[in-house]
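First the structure, in the form of structure tokens, and then the observations on it.
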Amino acid sequence: MSSSSDMTSQQRIAKVRAVVMQAGEDLRARYPILKRQNFIGASILLFAWTGMITIALAFYYGYLSAWVTIPLIAIFASLTHELEHDLIHYMYFKKMPWAHHLMLALVWLARPNTISPWARRRMHLHHHKFSGTESDLEERGISNGMPWGIRRVLVISDQLMSVYLRPFRMYKMIQKFLEKQPEHERKSAQISQLLGFMPLSILYYGLCYLFTVFHISNAIVPLFGYEMLWSQGALDAMPWVNLLAVIWVLPNYLRSFCLQFVSSNMHYYGDIDPRDVIKQTQVLNPWWMMPFQLFCFNFGATHAIHHFVVKEPFYIRQMTAKTAHKVMKEVGVRFNDIGTFRRMNRWNEIKVK
């Protein structure tokens, strides 16, 4: 067999796919329960929701502090993100639409600070075709390709900041994305983008901003010798807003920041061939990123595998990662290329004029 250095890019990609798919098949042969994909997906969703509800009740009845509740719920919510990603690729209940869409609704309810999974499906499948290009709205929307600074941190922190802080650039990104859609689907793609945050994400961000404005105002205004005068209705609502902030809003703020920090830095942008899967992503798992990985289910270590073998569920990727990483290194996938932070996600060094 030829060494990897003698292979074309497509031969290297095929080699990784063959090894990873074989590892998955071997795993299923060893543990036949892994073949029951629908059952496993539904069980993980039930486990995640049970964990989130149990922790929320423990906080409500005073058994847990907010500082413990927020990260614990964020960890369970990270499971629902992985499930949504698998569902976008129709890995669960493809032949049972009602169950499939129920799972999509439940994963969105668990992590509402994202565009709806039905709208995201179009963006994500496009991402696989045009990864690292100007029309890759999914990654560019979470800061991929931006220079590092406070603006990029804010975009990573809050998806709506992507629009607030760069409205004209975001408009151009969406236009590039729409141009790549089949002509007969452009209108529906445009509508899905416009309505993608309704209604759940609008409710989430409304609560998020209300919670933030209320508490920051109460902290800052007295420093200038004034007193905040809130309506009685606002004061009556705040205990419920505070509760939802701890069990729903802040866990997802933490979860999505970690996920978007990892994702936006492990994808390359701008100077790659989108057909070359080897250069689309890197494996990003240095020790100092472990706190971020904790809240996005080890995304930095395993997501690059997904770009090679799309139809493997996330738990299989975790179990076959060691085998996958070995062959990925052989064919030239980069590992812990920290220079990408300096290069604004470019594969090559940026030439200074």
### Task
Give the residue that is nearest to PHE130 (Cα to Cα), with candidates limited to residues of segment 147-164 that are at pLDDT below 90 and aliphatic (A, V, I, L, M).
VAL163
### Query
What are the residue pairs meeting all of these: first residue in segment 307-329, first residue at pLDDT below 95, second residue among the hydrophobic types (A, V, I, L, M, F, W, C), Cβ atoms under 7 Å, and 6 or more apart or on different chains?
LYS311/MET91
### Task
Would you tally the residues in segment 177-189 being buried (at least 16 other Cβ atoms within 10 Å of the Cβ) and assigned to a helix (DSSP H, G or I)?
3
#### Entry: Meets criteria (buried (at least 19 other Cβ atoms within 10 Å of the Cβ), at pLDDT 95 or above and out of contact with any strand residue (DSSP E or B) (no Cβ under 9 Å at 6 or more places or on another chain)) for MET123
no
#### Entry: Sole exception among (1) in a loop (DSSP other than H, G, I, E, B); (2) of a type in the set (A, V, I, L, M); (3) free of Cβ contacts under 8 Å to residues at least 40 places away in the same chain for MET91, by number
(3)
### Summary
Just one listed residue, out of ALA234, ALA219, is part of a helix (DSSP H, G or I), farther than 28 Å from ILE55 by Cα, over 28 Å from the mean Cα position of the chain (by Cα) and among the small types (Gly, Ala, Ser), and it is ALA219
### Task
Scan (1) β-branched (Val, Ile, Thr); (2) out of contact with any strand residue (DSSP E or B) (no Cβ under 7 Å at 6 or more places or on another chain); (3) modelled with pLDDT of 95 or more for the single condition ILE272 breaks and write down its number.
(3)
#### Entry: Criterion violated by GLU134 - all others in (1) in a loop (DSSP other than H, G, I, E, B); (2) modelled with pLDDT of 95 or more satisfied
(2)
### Message
Out of THR54, THR50, THR114, I need the residue that is in contact with a Phe, Trp or Tyr (Cβ under 8 Å, 6 or more places away or on another chain) and either among the polar types (S, T, N, Q) or part of a helix (DSSP H, G or I) (or both). Which one?
### Response
THR114
### Message
Would you confirm, using the coordinates I've provided, whether SER201 is hydroxyl-bearing (Ser, Thr, Tyr) and touching a Ser or Thr at 6+ places or on another chain (Cβ under 9 Å)?
### Response
yes
### Task
Could you tell me whether any residue of segment 20-29 is under 18 Å from GLU84 (Cβ atoms) and touching a residue at least 12 places away in the same chain (Cβ under 8 Å)?
no
### Task
Hey, can you tell me all the residues within segment 159-196 that are within 23 Å of VAL249 (Cβ to Cβ) and in contact (Cβ under 8 Å) with a residue 40 or more places away in the chain?
GLN159, LEU160, LEU195, GLY196
### Query
What number of residues within segment 112-139 are under 30 Å from MET52 (Cα atoms), over 12 Å from the mean Cα position of the chain (by Cα) and basic (Lys, Arg)?
2
### Query
Going by the structure shown, is THR54 of a type in the set (Val, Ile, Thr), out of contact with any Leu (no Cβ under 7 Å at 6 or more places or on another chain) and farther than 28 Å from GLY332 by Cβ?
yes
### Task
Go through segment 343-353 and count every residue that is loosely packed, with under 14 Cβ neighbours inside 10 Å and touching a residue at least 12 places away in the same chain (Cβ under 8 Å).
1
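The values are calculated or read from the model by the stated rules, or taken from the named source; none is laboratory data. The model shown is predicted, which means the values in this text are computed figures rather than measured ones. So basically every Cβ, Gly included, is an ideal-geometry build from the backbone, and we count neighbours across all protein chains shown.
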